[in-house]
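The structure appears right after this line, and notes come after that.
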Amino acid sequence: LQNMKMVPIPEKAYGTFFEGDCYIILHTKRTSRGSTVDLHYWIGKDSSQDEQGAAALYVTQLDNALRGNPVQHREVQGHESETFQSYFRNGIIYKKGGVASGFKHVETNMYNIKRLLHVKGKKHVSATEVALSWDSFNKGDVFLLDLGKVLIQWNGPNCSIAEKSRGLALARSIRDSERGGRAQIGIIDNEKDSPDLMQIMKMVLGERRGELRDAIPDAKADELQKANVRLYHVYEKDNDLVVQEIATRPLTQDLLQHEDCYILDQGGFKIYVWRGKASSLEEKKAAFTRAVGFIQAKGYPSSTNIEVINDGAESAMFKQLFQRWTEKDETQGLGKVYTTGKIAKVEQVKFDTTQLHARPELAAEQRMVDDASGEIEVWRIEDLQMQPVNPKTYGQFYGGDCYLVLYTYLRSGRPHYVLYMWQGRHASVDEITACALNAIELDKKHGDEAVQVRVTMGKEPTHFLAIFKGKLVIYEGGTSRAQKSTPEPAIRLFQVRGTDEINTKATEVPARASSLNSNDVFSQVCYLWCGKGCSGDEREMAKMVADIISKRDKHTILEGQEPAEFWEALGGKAPYASEKRFQEQNTHYQPRLFECSNQTGRFIMTEVVGFCQEDLDEDDVMLLDTWEEIFLWVGKASNTYERNEAIASAKEYLKTHPAGRDLATPIILVKQGYEPLNFTGWFNAWDPYKW
């Protein structure tokens, strides 16, 4: 903003901000569903109140001009949102002064410069101009001494590889955009090895006296704080503003009424204002003012992020704070239609497994590592040790046991491994722990290359079903050991779901009429009961499974034509589920990538918006959340503590997720360089040779 007017900035200067000014950023992104628009107004730490007010006003006007489609954000210097930071891949530079004091944004080929930039951050980089003195330095960050024709990058002794490489990207960006590519970059990684560059630094900064100080870690919100979501109803009463708390987590979409405005407070980490379609113009105009008032009333710092959202144009970040979010009459990629408030009936879609390698995004979408034609080995945990399971009974799992399933497949001529840890519902804590420890040993035997997947009984992922070729049977209790302590029940009922070898499993349910469901096939001593809603494919798969469960003759009976002895066996006829099958799905979940850090004893995650393969650094543990599963990506150089804590971090993430997530969601451990297709498919243009 210049003299209270909006003045466009040349593209070369994008990412450079004067601390004395305010800015407005408009960001448009094309998506498969149209486009998303974000409007940010940025407040420099030395900008005037008048400018800040003008910026907020312009954003409201732009929002009106764009028919209420944009999501609006208020950003404060040094506390920018992850979305804002994602626009400037090479980093953000804060410059002293402002337009009012005669500074210009682009002055290329200017060489009479002498400034020191303090570079911070690993995923989101920012550089602040600091005093030209050794007192500005510390051991843990990167500093750039910019002398016009020469840029010297000084790396603190405690810097990570990622921080050094992000610092270099920023130095190159200054050279190319501000110096027309005509400047030398020198790097001091160890002062003893760079005497010439150190000489230049001493000429500018003088001799260094005393020790360097330690870096001060950024104050970041931890996951427990972010999980504390509260929804407030905001309205006017007798010229007074009333803010009334109406709900805490888990929040549901029906709490938002179209006639009103609401404030959603995410633990003081971020404030969302939701404006209903039918709320008054006055209500809408007052959104930012109210949010700022709310921050003051709560005693939150004035730098708290604010996001203003319009009914029907909600951001992905906002939607994921709710337990389930459905859009109005919307068709998904696979041709399913979702209607508001209803849970979608999921059609079984047949897909061609031969396409997986050509289209990794399909592998990710279908949750398939390969076409399931690899080799399987199965062990049961017995006396806390691994006992091989007889191959004839592969696919039969008992709720009282834990199993390890090693799946081996070839890719580009060399073996790759997936190690499933299946945990029975009635297994002891000792067995579950032993299962995890044996998995680590088994992984070591295979060169630490296996992808480890934690599977909770009843939550088996698609690929796990597929490797047993339609012969997966899950017994509620008991064990498959030779000496069984409890006798098997005389009457058992199994529910069979699936249409082909890839998606079929039979699960034991209580032998009661109420367990039946019109959409499925049930087998019982050995009746094959076919519900009205099941398909021919499902019946065929059920016959195959029935042969595993029982060697007796099979009697097929159709729903409505049951003989009396059928109901007798189930303890009498009773009501059961006969509605069309509905499956809860979060139709609007976009995959999200986070950097995990558990160093400080607090669990902190930094989101990487608009992620790509470049964001996976060797010294990181990253978490990719695709809703149906959680991937943990472990970099080669990540520290042992974070590696060992990775699974605990994923469980903590599910536990503290504002949407109240299912704690049995599969957790998949992936190691750098051994990423399976169902992981790489979530990234655009994955390069398998990058490392």
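The values are calculated or read from the model by the stated rules, or taken from the named source; none is laboratory data. As the structure is a computational prediction, the values presented were derived from the model and not from experiment. Quick reminder, even Gly has a Cβ in these numbers, built from the backbone with ideal geometry, and neighbours come from all protein chains shown. To get the accessible areas, we keep the full protein, side chains included, count just its heavy atoms, and leave off ligands, DNA and RNA. Shrake-Rupley method; radii C 1.70, N 1.55, O 1.52, S 1.80 Å.
Okay, here's what the table says:
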{"item": "Among the candidates Gln590, Gln583, residue that is closer than 26 Å to Leu251 by Cα, touching a helix residue (DSSP H, G or I) at 6+ places or on another chain (Cβ under 8 Å), at pLDDT below 85 and open to solvent by 30 Å² or more (accessible area, probe 1.4 Å)", "result": "Gln590"}
{"item": "Selected residue (criterion: surrounded by the fewest Cβ atoms within 10 Å (Cβ to Cβ)) from residues of the stretch 679-691 that are of a type outside the set (Ser, Thr, Tyr) and modelled with pLDDT of 85 or more", "result": "Trp682"}
{"item": "Of residues in the stretch 205-253 being modelled with pLDDT under 75 and basic (Lys, Arg), the one surrounded by the fewest Cβ atoms within 10 Å (Cβ to Cβ)", "result": "Lys220"}
{"item": "Unique residue being of a type in the set (Lys, Arg) and either surrounded by fewer than 18 Cβ atoms within 10 Å (Cβ to Cβ) or modelled with pLDDT under 85 (or both) when the list is Lys671, Lys655", "result": "Lys655"}
{"item": "Any hit, the stretch 641-652, residues being outside the structural domain of Gln320 (by the TED database), open to solvent by 10 Å² or more (accessible area, probe 1.4 Å) and in contact with a helix residue (DSSP H, G or I) (Cβ under 6 Å, 6 or more places away or on another chain)", "result": "no"}
{"item": "Count of the stretch 37-71 residues which are without any contact (Cβ under 8 Å) to a residue 12 or more places away in the chain and either farther than 17 Å from Leu1 by Cα or of a type in the set (Phe, Trp, Tyr) (or both)", "result": "3"}
{"item": "Test result for Gly167, part of a strand (DSSP E or B), open to solvent by less than 40 Å² (accessible area, probe 1.4 Å) and not assigned by the TED database to the domain that holds Arg89", "result": "no"}
{"item": "Failed item in (1) at pLDDT below 85; (2) under 17 Å from Ala364 (Cα atoms); (3) open to solvent by less than 10 Å² (accessible area, probe 1.4 Å), with Leu623 passing the rest", "result": "(1)"}
{"item": "Test: Glu51 is assigned to a helix (DSSP H, G or I) and within 24 Å of Lys96 (Cα to Cα)", "result": "yes"}
{"item": "Wholly enclosed helices (runs of 4 or more DSSP H) of the stretch 207-313 bearing at least 3 residues closer than 28 Å to Arg324 by Cβ", "result": "223-227, 287-298"}
{"item": "Count of the stretch 133-166 residues which are at pLDDT below 90 and under 18 Å from Lys95 (Cα atoms)", "result": "1"}
{"item": "Selection from the stretch 1-29 of residues that are within 15 Å of Gly53 (Cβ to Cβ) and without any contact (Cβ under 8 Å) to a residue 24 or more places away in the chain", "result": "Asn3, Lys5"}
{"item": "Among (1) farther than 22 Å from Glu129 by Cα; (2) surrounded by 15 or more Cβ atoms within 10 Å (Cβ to Cβ), the one test that Ile43 misses", "result": "(1)"}
{"item": "Matching residues in the stretch 641-676 - criterion: being closer than 11 Å to Val621 by Cβ and among the hydroxyl-bearing types (Ser, Thr, Tyr)", "result": "Tyr641, Ser649"}
{"item": "Qualifying positions in the stretch 627-641 - under 22 Å from Thr680 (Cβ atoms) and not in a strand (DSSP E or B)", "result": "Trp627, Glu628, Glu629, Gly635, Lys636, Ala637, Ser638"}
{"item": "The stretch 288-316: number of residues that are touching a residue at least 60 places away in the same chain (Cβ under 8 Å) and open to solvent by less than 30 Å² (accessible area, probe 1.4 Å)", "result": "14"}
{"item": "Segments classed as strands (runs of 3 or more DSSP E), wholly inside the stretch 486-546, with at least 2 members that are open to solvent by less than 10 Å² (accessible area, probe 1.4 Å), touching a helix residue (DSSP H, G or I) at 6+ places or on another chain (Cβ under 8 Å) and at pLDDT 85 or above", "result": "493-497, 527-530"}
{"item": "Single condition Asn138 does not satisfy, out of (1) closer than 25 Å to Ile604 by Cα; (2) crowded, with 20+ Cβ neighbours inside 10 Å", "result": "(2)"}
{"item": "Complete set of residues in the stretch 293-349 that are modelled with pLDDT of 50 or more and charged (D, E, K, R)", "result": "Lys298, Glu307, Asp311, Glu314, Lys319, Arg324, Glu327, Lys328"}
{"item": "Sole exception among (1) touching a residue at least 24 places away in the same chain (Cβ under 8 Å); (2) among the charged types (D, E, K, R); (3) open to solvent by 10 Å² or more (accessible area, probe 1.4 Å) for Arg179, by number", "result": "(3)"}
{"item": "Filter result for Thr462 (among the hydroxyl-bearing types (Ser, Thr, Tyr), surrounded by 14 or more Cβ atoms within 10 Å (Cβ to Cβ), in contact with a helix residue (DSSP H, G or I) (Cβ under 9 Å, 6 or more places away or on another chain) and not assigned by the TED database to the domain that holds Leu624)", "result": "yes"}
{"item": "In the stretch 397-444, the residues that are surrounded by fewer than 15 Cβ atoms within 10 Å (Cβ to Cβ), of a type in the set (Lys, Arg), modelled with pLDDT under 90 and not in a loop (DSSP other than H, G, I, E, B)", "result": "Arg414"}
{"item": "Test: residue in the stretch 392-409 that is closer than 17 Å to Lys671 by Cα, under 30 Å from the mean Cα position of the chain (by Cα) and not hydroxyl-bearing (Ser, Thr, Tyr)", "result": "yes"}
{"item": "Selection status of Lys469, within 24 Å of Lys392 (Cβ to Cβ) and open to solvent by 70 Å² or more (accessible area, probe 1.4 Å)", "result": "yes"}
{"item": "Candidate set: the stretch 141-164, residues that are part of a helix (DSSP H, G or I) and open to solvent by 10 Å² or more (accessible area, probe 1.4 Å); chosen: the one nearest to Ile187 (Cα to Cα)", "result": "Lys164"}
{"item": "Matching residues, the stretch 362-396, being in a helix (DSSP H, G or I) and open to solvent by less than 20 Å² (accessible area, probe 1.4 Å)", "result": "Leu362, Ala363, Ala364"}
